[in-house]
Amino acid sequence: MKTCVLAVASCALFLSGADLSGPLPAAAQTTYDRGQDVSPTYDGWEKNADGTYSLYFGYFNRNADEEIDVPIGPNNMFDGMADRGQPTHFYPNRKWWVFKIDVPANWPKDQRVVWTLTTRGRANQAKGWLQPEWEVDKDLIAKNAARDPSLMTNGTNEADLDHENRPPAMTGSPAQTVNLADTLTLKATATDDGHPAPIPDPAGRLQQGVRLRWIVYRGTGKVRFEPDIMGQRVFGKPATLETKVRFSAPGPYRLRAIASDGQTFSTYDVDVTVK
């Protein structure tokens, strides 16, 4: 069981060593449902209170529909250490601040952390280091998270930011071992700090408050969540999403609950072994 709080945004987007943070040419905006590759991305870094640094990574699956699995190994690895917590299941489109790598306070400013991901016969790399322009903070996520709808944030304008807001605190089910024929029940709960304050839309629905969803972070078989997402946001009390999970193949899985308060988000991981 692992818990990770992500509350950052990117100053620049680097795919395969190229800066794609600006507008893309029209030809590059062609979309494909299937058959394309996946690029890892470096989303920026922040300095922690203890002097260490966190380097944040995401990915860009160029397919609009196809999900791709790449196990940890020569096709999905970091230099010097194959497994540094990266995903093996890649959802379509761009996914931001998926995981972080912590490095010590004396980390050389120009030393790279290199993630290599090979799909469709193409090896793409993301190179993270402490470039000053790539420093990020918690406010940037609220201004940019709308680029990734799966994070369930609202893309708040800078004028509307609640600077006191902190990501929800999360708890949930422990690691599990189940048989392939079993239906697994998992639960995740998020407790928020009351920021930002809820604003109802014309239909009376909360535009703020906590909402949760479940995704596959690692695993090669098909996984079905029932349900995979909360229907309504919850404000003023803990929000819990209980889901029934079915697996199509045995093996190790890491399932992730994401909790968003409308501006920032947290994640909670559960490792499951399916026999």
How many residues, within the range 252-265, are open to solvent by less than 20 Å² (accessible area, probe 1.4 Å) and in a strand (DSSP E or B)? 8
Residues (open to solvent by less than 20 Å² (accessible area, probe 1.4 Å) and either in contact with a Gly (Cβ under 9 Å, 6 or more places away or on another chain) or assigned to a strand (DSSP E or B) (or both)) located in the range 85-97: 88, 89, 90, 96, 97
Does the range 234-249 contain at least one residue that is of a type in the set (Ser, Thr, Tyr) and assigned to a strand (DSSP E or B)? yes
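Residue-wise test of (1) modelled with pLDDT of 95 or more; (2) within 30 Å of residue 171 (Cβ to Cβ); (3) in a loop (DSSP other than H, G, I, E, B).
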{"position": "5", "(1), (2), (3)": "no, yes, no"}
{"position": "11", "(1), (2), (3)": "no, no, yes"}
{"position": "21", "(1), (2), (3)": "no, no, yes"}
{"position": "35", "(1), (2), (3)": "no, no, yes"}
{"position": "43", "(1), (2), (3)": "no, yes, no"}
{"position": "46", "(1), (2), (3)": "no, yes, no"}
{"position": "50", "(1), (2), (3)": "yes, yes, yes"}
{"position": "60", "(1), (2), (3)": "yes, no, no"}
Inside the range 173-199, can you point out the residues that are open to solvent by 50 Å² or more (accessible area, probe 1.4 Å) and assigned to a loop (DSSP other than H, G, I, E, B)? 174, 175, 179, 180, 181, 182, 183, 193, 195, 197, 199
Within the range 224-231, does at least one residue satisfy the condition of being open to solvent by less than 60 Å² (accessible area, probe 1.4 Å), small (Gly, Ala, Ser) and closer than 21 Å to residue 168 by Cβ? no
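The values are calculated or read from the model by the stated rules, or taken from the named source; none is laboratory data. No experiment lies behind these values; they were computed from the predicted model shown. When we count neighbours, we look across all protein chains shown, and the Cβ atoms used for this are built from the backbone with ideal geometry, even at glycine. Each accessible area value is taken on the protein alone, full model and side chains, heavy atoms only, with ligands, DNA and RNA left out. Shrake-Rupley method; radii C 1.70, N 1.55, O 1.52, S 1.80 Å.
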